[in-house]
Structure formats: C-alpha cells, structure tokens
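> If you scroll down you'll find the structure; I have some questions about it.
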Amino acid sequence: MRTICCFAGPGVRPGSCRARPTLPGVQEQPPTITPSPRIDLAVTTATGLPMRSTTYSGLLQLGPSALIGEALGGLATRGSGNSKFVGSLYLPDGLAYLRARLGAGYLVPHFWLTNVEQHAFLLGATAEFADDPRGDGHAWIRLNLDLVGRTGTAVGYQVTALVPPDAVDQPG
C-alpha cells in the first residue's frame, strides 16, 4: 500500500489522504495534452457586470493514441497495458491571471472519458487557479486528475474561466 493525497470533494477535507494499493503492471505517466483552440469573449453578467469568459478545451491521453496506428497504416496499435496518472498539470494554452484581480472570478470545469477500451476510472478531476510557484503574483489554471485506464484512454476537458476583464495579464 502507498498513500496518495486525494482531491477535495464532498466529505473530503483538502489535504487529507487515503491509502490505495499500487496496481501491478500499471505504468505511471503524465498524459499527453492536445489543446483545442481557446475561445475568449467579453460578456456581461445578469447584474450588468462586465467579465471576460475564456473557454479552454482539449484531450488528455494516457500513452500513445490509437490514431497514431491509423496514421501509420495500422502498424502501431494501442498499448495493451494499463496506465494511470494521479497529479496535476497546467493548461498549455492558459493565460496568466493576476491573483490580486481575480476577485469574484471562478472556473466551471467539465471532464469526460473518451477513447475507452475495456475499462477506465476517472476517480477525481478538478480545476483551480493555482499560484505561480515563482511568486510573481500570477495564477495559472491547473487540472488535478486521478485517472486509471487502458493505455490510450483519454479524458476530454472543457474549463471556462469567468473573471473580471483586468484579471488577465496583458503582455507588453
């Protein structure tokens, strides 16, 4: 048995931990991220407050894609093993948010399993504004995942950030 940190959720204290068995034959590896185009909109809330809405979406894939095999004329196939990922990753196309100006900003995350062969378990998935480790006052969108499945399993994600217009750091 090994102990891992679990994700906040109903009835779970942030930072609490639980024991989970280490599964034999399971590769631990970060997923490959394939982002879709980002959508940025200026919106107005029902109360008349101007906000910026940014929608991020894409796929997080465990191991090689089944599409690679198709592109190579069937020479490569999806892996036959199991893979898992328990950890966090930052969105590769994420904007830099100014932590001090986030105010009433929030995230609306959606996650779903796709490209599943035999089995897959999405045991936890959240999105959060995470402080930049360099301590420069920025925050980035971080995805926290607990995923186990056949190699090639993918998780689709869509995360919408609704923030005040001045919360996005404009370069230059």
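> Is it the case that the range 40-50 has a residue that's outside any strand (DSSP E or B), modelled with pLDDT of 90 or more and at positive phi?
yes
> Has the range 115-125 got at least one residue that is open to solvent by 20 Å² or more (accessible area, probe 1.4 Å) and of a type in the set (S, T, N, Q)?
The answer is yes; a qualifying residue exists.
> Quick check on the range 155-166. Is at least one of its residues within 23 Å of Glu117 (Cα to Cα) and surrounded by 17 or more Cβ atoms within 10 Å (Cβ to Cβ)?
The answer is yes; a qualifying residue exists.
> For Leu147, state whether it is hydrophobic (A, V, I, L, M, F, W, C) and open to solvent by less than 40 Å² (accessible area, probe 1.4 Å).
yes
> Keeping to the range 79-98, report how many residues are open to solvent by less than 30 Å² (accessible area, probe 1.4 Å) and either in contact with a Lys or Arg (Cβ under 6 Å, 6 or more places away or on another chain) or charged (D, E, K, R) (or both).
Number satisfying all stated conditions: 1.
> Find the strands (runs of 3 or more DSSP E) located wholly in the range 101-156 whose residues include 2 or more that are in contact (Cβ under 8 Å) with a residue 60 or more places away in the chain, and list them.
Fully inside the range 101-156 and qualifying: 120-131, 138-150.
> Checking the structure you have, find out if any residue of the range 24-33 is modelled with pLDDT under 65, surrounded by 12 or more Cβ atoms within 10 Å (Cβ to Cβ) and outside any loop (DSSP other than H, G, I, E, B).
Within the range 24-33, one or more residues are modelled with pLDDT under 65, surrounded by 12 or more Cβ atoms within 10 Å (Cβ to Cβ) and outside any loop (DSSP other than H, G, I, E, B).
The values are calculated or read from the model by the stated rules, or taken from the named source; none is laboratory data. Not measured: the values here are computed from a predicted model. Counting neighbours? That spans all protein chains shown, and the Cβs are built from the backbone with ideal geometry, glycine included. To get the accessible areas, we keep the full protein, side chains included, count just its heavy atoms, and leave off ligands, DNA and RNA. Shrake-Rupley method; radii C 1.70, N 1.55, O 1.52, S 1.80 Å.
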